[in-house]
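Before I ask anything, here is the structure I am working with.
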Amino acid sequence: MNPQHAAFIAIVRTIPPGWVMSYGQVARAAGLPRHARRVGVALKQLPEGEEAPWWRVVSGEGRISARGLDGSDDLQRVLLQHEGVQFSAEGRIDLRRFAWG
């Protein structure tokens, strides 16, 4: 794993259950502002068996972003709801309420 990806994953591991961060927030927390898309790449390329709560990272609008895996968006929603994260009727998470950091 390259150093940038490792930095992003380290930040993602700090997000507690019931909270989320946007891709941009993760990038800024890792000291790499304007690299939100790279956060998405790092999560998509997360090696099998790697422990990181990828489901706690959402878009800056509070929406789930598909990881390119069939059903991953449904799984992400279920995992977040299980942790107490609530979605609006439009499928958004209120980042003012559930954003970590």
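Each value in this text was obtained by applying a stated rule to the coordinates, not by laboratory testing. Keep in mind that this is a model prediction, so the values were computed, not measured. Reconstructed Cβ throughout: ideal geometry from the backbone, glycine too, with neighbour counts over all protein chains shown.
Restricted to Cα positions, what overall size does the range 3-98 have along the principal axes? Three whole-Å values, descending.
Cα extents, longest axis first: 38, 28, 21 Å.
Can I ask one more? Run the numbers on the range 8-101 and let me know its relative contact order in percent, using alpha-carbon pairs under 8 Å that are six or more apart. Could the numbers behind the result be given before it?
On the way: 121 pairs, mean separation 31.3, N = 94.
The normalised contact order for the range 8-101 reaches 33 percent.
Assuming 0.36 nm per residue, please report the length gained on full extension of the stretch residue 51 to residue 77 beyond their Cα-Cα distance. Working shown, then result.
Values: separation 26, 0.36 × 26 = 9.36 nm, distance 1.84 nm.
In short, 7.5 nm is gained.
Now, a different point. For the chain, what is the mean residue ellipticity at 222 nm derived from helices alone (per DSSP H run of n ≥ 4: -39500 (n - 2.57); sum divided by total residues; nearest 500 deg cm²/dmol)? Kindly include the intermediate steps, with their values, before the conclusion.
Details: 5 runs with 41 residues, N = 101.
Result for the chain, helices only: -11000 deg cm²/dmol.
What size of dipole, in debye to the nearest 20, comes out for the range 3-98 about its Cα centre when the only charges are +1 on Lys and Arg C-beta atoms and -1 on Asp and Glu C-beta atoms? Can you show the working numbers first?
Values: 13 positive and 10 negative charges, 97 e Å.
The dipole magnitude comes to about 460 debye.
Anyone know which of 49, 62, 18 comes out most mobile in the 10 Å Cα GNM of the chain?
49
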